[in-house]
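A.B. asks: For reference, the structure I am asking about is given below.
The values are calculated or read from the model by the stated rules, or taken from the named source; none is laboratory data. This one's a predicted model, so the numbers in the text were calculated from it and none came from an experiment. Reconstructed Cβ throughout: ideal geometry from the backbone, glycine too, with neighbour counts over all protein chains shown. Surface areas here come from the heavy atoms of the whole protein model, side chains and all, with no ligands, DNA or RNA. Shrake-Rupley method; radii C 1.70, N 1.55, O 1.52, S 1.80 Å.
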Amino acid sequence: MKKWLYAAGLGLVMAASASVQAADKIGVVNVQEIFQQMPARDAVAKQLENEFKGRATALQAQETALQSQMQNLQRNAGSMKAADRAKLEKQVMANREDFQSKAQAFDNDNRKRQAEERNKILSRIQTAVKTVADKDGLDLVIDANALAYVSSDAKDITDEVSKQVK
């Protein structure tokens, strides 16, 4: 029985030492910093701005027209016939609903495209992280923003990944 306990204890010590050795192969990367420094990020922002510029301009024009209609209704509501006022109110409400619907669709489309482009950039960063980790023989790479504390022994590969991505 003592031999079994001794063997089990020795096995635990060996397993613990193996995990300590694996801990030497940990890298840290600041993905947010790399993302902010990427020139592609600015190019994508300009591309998306141009892509949605026409719709944004049309929405602004529609909003201006709607505000003008609402001001006209408020200004002249007291002097209008009841039927004319009801007709104008109905038209303003229909225009407002149309505007809100188009504005919501615009926001959804814009957010979706931004997420698509952001994910493309993050995929490039992830590929670069894997390349650098493989080259440096790292077993684990952790995002620096997800950690409360990083020992000075952990290898920071942020600069290497940043060079790889550019």
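A.B. asks: Looking only at the range 99-146, count how many residues are outside any helix (DSSP H, G or I) and surrounded by 11 or more Cβ atoms within 10 Å (Cβ to Cβ).
C.D. replies: Qualifying residue count for the region: 6.
A.B. asks: Would you please list the contacts, defined by Cβ atoms under 9 Å and residues six or more apart or on different chains, that run from a residue in the range 112-136 that is farther than 15 Å from Phe35 by Cβ to a residue that is open to solvent by 60 Å² or more (accessible area, probe 1.4 Å) and of a type in the set (A, V, I, L, M)?
C.D. replies: Hits for this filter: Ala133/Leu140.
A.B. asks: Exactly one of these conditions fails for Arg85: (1) at pLDDT 90 or above; (2) surrounded by 11 or more Cβ atoms within 10 Å (Cβ to Cβ); (3) more than 30 Å from Val150 (Cα to Cα). Give me its number.
C.D. replies: Failed condition: (1).
A.B. asks: Which of the residues belonging to the range 25-50 are under 18 Å from Glu117 (Cβ atoms) and out of contact with any helix residue (DSSP H, G or I) (no Cβ under 7 Å at 6 or more places or on another chain)?
C.D. replies: Gln36, Pro39, Asp42, Ala43, Ala45, Lys46, Gln47, Glu49, Asn50
A.B. asks: Give me a count of the residues in the range 145-166 that are touching a helix residue (DSSP H, G or I) at 6+ places or on another chain (Cβ under 7 Å), of a type in the set (A, V, I, L, M) and within 10 Å of Val28 (Cα to Cα).
C.D. replies: Counting residues in the range 145-166 that are touching a helix residue (DSSP H, G or I) at 6+ places or on another chain (Cβ under 7 Å), of a type in the set (A, V, I, L, M) and within 10 Å of Val28 (Cα to Cα) gives 2.
A.B. asks: Which residues, counting only those in the range 67-109, are touching a helix residue (DSSP H, G or I) at 6+ places or on another chain (Cβ under 7 Å) and basic (Lys, Arg)?
C.D. replies: Arg85, Arg96, Lys102
A.B. asks: Looking at the structure I just gave you, is Asn76 open to solvent by less than 80 Å² (accessible area, probe 1.4 Å) and at pLDDT 90 or above?
C.D. replies: No: the conditions fail for Asn76.
A.B. asks: When you go through (1) exposed (fewer than 10 other Cβ atoms within 10 Å of the Cβ); (2) at pLDDT below 90 one by one for Lys25, which number turns out not to apply?
C.D. replies: Tallying (1) exposed (fewer than 10 other Cβ atoms within 10 Å of the Cβ); (2) at pLDDT below 90, Lys25 fails exactly one: (1).
A.B. asks: Still on this structure, please answer the following. Based on what the data block shows, is Gln69 touching a Leu at 6+ places or on another chain (Cβ under 8 Å) and in a helix (DSSP H, G or I)?
C.D. replies: Here the answer is yes, as Gln69 does meet what is asked.
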